[in-house]
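Right, one structure below, let's go through it.
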């Protein structure tokens, strides 16, 4: 089984059996370089952009004001999925040890404009969302391109290193931030500019 929806042919994820160094947030810099980020941005189809919904499927811009579009899996995007699959497998094996089957859908491009926000939420929920286990967010812009728009997690979150906490607050482009899908998190108000990211959710059997 590759993922929760057989329409998506997405590489399967697995993890190595080794002692875990458990953390709730893991940051991996330089997963994509600037040239690769530019390629990713060029793969986003503007016609597919739509307002981001909250977990219930409703549009509520007091909670979430952003635009999203799928980065559809296919010949031109396969390399993006392969890179994130490799990184996710490594991070999961070292820090989480979850039983993962794959991404639950296409990766999602997200842009948060000036005045945009995504308030406190978790990535798990009813229906197929209950199978989400590990979330990943990759920043696609330099911090100089926008102000505000910080990805924040619940205060109880633990980090791999002190440097990871700083990376999460001010990540460089191409940094992948991993955390359990049950962890409370938000993107703070974007005061100026445009914050762009690529996000995905890895699924597996329900937690026992």
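Read-outs throughout are calculated quantities, based only on the coordinates presented, and are distinct from any laboratory measurement. Because the structure is predicted, anything quoted here is derived from the model rather than measured. For neighbour counting, all protein chains shown are included, and Cβ atoms are generated from backbone atoms with ideal geometry for every residue, glycine included.
Here are a few things to note about the model shown:
- Protection proxy ranking, peptides 198-205, 185-192, average beta carbon neighbours within 10 Å, highest first: 198-205, 185-192
- Distance between the modelled labels on residue 199 and residue 121, one decimal in nanometres: 0.6 nm (7 Å Cα→Cβ projection).
- Proxy reagent accessibility, fewest Cβ within 10 Å first, across 206, 66: 206, 66
- Inter-part distance where the range 184-208 and the range 117-144 are each reduced to a Cα centre, Å: 3 Å
- Chain lengthening between residue 33 and residue 78 when straightened (0.36 nm per residue, less Cα-Cα): 14.5 nm
- Counting every other Cβ atom within 10 Å of each residue's Cβ, 177, 40 order from fewest to most as 40, 177.
- Here the simple spin-label model places points 7 Å from the Cα toward Cβ, and for residue 145 and residue 114 these points are separated by 1.6 nm.
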